[in-house]
Amino acid sequence: MSKRIFITATNTDIGKTYTTKLLLKEFASRGFRVGVIKPIETGVVNGICPDGDELLALVKKLNPQFNNITIKDIVPIQYKLPSAPFIASNNTKIDLKRLDLAIQKLEKLCDILFIEGAGGLYVPIDDDTMMFDLISYFKAEAVLVTHCSLGCINDTLLSKKMLDLQKIKNLVVFNCRDNDYSFEKISEPYFKSIDFEILKVTKDIKQICNKII
């Protein structure tokens, strides 16, 4: 079994796909056979998976063994409505066997498999399953992507505490965007006061990968 890293976030549109792509590139540059899967994607219209298509195009460039892999392999479960899977699927029970088979197929082609979630940790999938349940089910470690704008202290600490309570090994990374210039003044001082490690996705990608290995 390849090493499994689940990319999650404090919310939607935080930068999971951006982070996953940087991790794929960095690990590939180190000689790893990289792989990726996004088990569930919503907002899929006319067969176009906004995140899955990007991930598939990149992984094919980085790992030739993925040349025959299709979008249905990368995104096994697809829904049209851009909402939580619980709603997009009309609360259809998640087919874990389908996901297991997809992962088993891809793991034969890679040394490290990145599993990108949908939304945040408490996104409902069905009556019995939240997004964070998939991390434990897949026996994966988690990379929690958080933001750098106002409110990131609350969002980051809540999500990390939840992962810790679930005994999921995790690493927090900050996706600071161009308009997050206030982070160093408004939020970073508190993180420093509690000795919270600040790893920025773009700036510290090499260090982040070192901690994942």
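Hey, which of the helices (runs of 4 or more DSSP H) in region 166-213, taking only ones fully inside, have at least 2 residues that are more than 26 Å from L24 (Cβ to Cβ) and of a type in the set (A, V, I, L, M, F, W, C)? Before you say what the answer is, go through the steps one by one.
Numbers: elements: 183-186, 188-193, 205-212.
Here the list is empty.
For the condition in contact (Cβ under 8 Å) with a residue 12 or more places away in the chain, buried (at least 19 other Cβ atoms within 10 Å of the Cβ), in contact with a Pro (Cβ under 9 Å, 6 or more places away or on another chain) and among the aliphatic types (A, V, I, L, M), L134 qualifies. When region 63-105 is filtered for residues that are assigned to a loop (DSSP other than H, G, I, E, B), among the hydrophobic types (A, V, I, L, M, F, W, C) and out of contact with any Pro (no Cβ under 8 Å at 6 or more places or on another chain), the ones remaining, listed by number, are I69, L81. Applying the condition of being surrounded by 12 or more Cβ atoms within 10 Å (Cβ to Cβ) and among the aliphatic types (A, V, I, L, M) to region 201-213 and asking which residue is nearest to I115 (Cα to Cα) yields I212. Per the conditions (1) in contact with a Leu (Cβ under 7 Å, 6 or more places away or on another chain); (2) under 22 Å from E141 (Cβ atoms), the sole criterion not satisfied by L22 is (1). Residues of region 137-161 that are surrounded by fewer than 17 Cβ atoms within 10 Å (Cβ to Cβ) and closer than 11 Å to L121 by Cβ: L158, K161. Can you tell me which residues in region 172-189 are at pLDDT 95 or above and not hydrophobic (A, V, I, L, M, F, W, C)? Selection gives N175, S187, E188, P189.
Checked against the criterion of being of a type outside the set (D, E), surrounded by 19 or more Cβ atoms within 10 Å (Cβ to Cβ) and over 28 Å from Y79 (Cα atoms), region 178-200 has at least one qualifying residue.
Among the numbered conditions (1) farther than 24 Å from C176 by Cα; (2) touching a helix residue (DSSP H, G or I) at 6+ places or on another chain (Cβ under 9 Å); (3) not basic (K, R), the only one that N46 does not meet is (2).
Scanning region 181-197 turns up no residue that is in contact with a strand residue (DSSP E or B) (Cβ under 9 Å, 6 or more places away or on another chain), closer than 16 Å to I5 by Cα and of a type outside the set (S, T, N, Q).
Looking only at region 29-58, residues that are of a type in the set (A, V, I, L, M), under 17 Å from G117 (Cα atoms) and free of Cβ contacts under 8 Å to residues at least 40 places away in the same chain come to 2 in all. Is there any pair with a first residue in region 191-211 that is under 13 Å from L144 (Cβ atoms) and among the β-branched types (V, I, T) and a second that is in a loop (DSSP other than H, G, I, E, B) and at pLDDT 95 or above whose Cβ atoms are under 6 Å apart and which are 6 or more apart or on different chains, and what are they? So the pair list comes out as I208/L199.
Before we move on, is F27 in a loop (DSSP other than H, G, I, E, B), at pLDDT 95 or above, surrounded by 12 or more Cβ atoms within 10 Å (Cβ to Cβ) and of a type in the set (F, W, Y)? Before the answer, list the steps.
Details: in a loop (DSSP other than H, G, I, E, B): no; at pLDDT 95 or above: yes; surrounded by 12 or more Cβ atoms within 10 Å (Cβ to Cβ): yes; of a type in the set (F, W, Y): yes.
Here the answer is no, as F27 does not meet what is asked.
Looking only at residues in region 12-21 that are surrounded by 19 or more Cβ atoms within 10 Å (Cβ to Cβ) and not charged (D, E, K, R), the one that is farthest from L113 (Cα to Cα) is I14.
The values are calculated or read from the model by the stated rules, or taken from the named source; none is laboratory data. Computed from a predicted model, the values in this text were never measured in an experiment. A quick note on method: Cβ atoms are made from the backbone with ideal geometry, for glycine too, and the neighbour counts reach across all protein chains shown.
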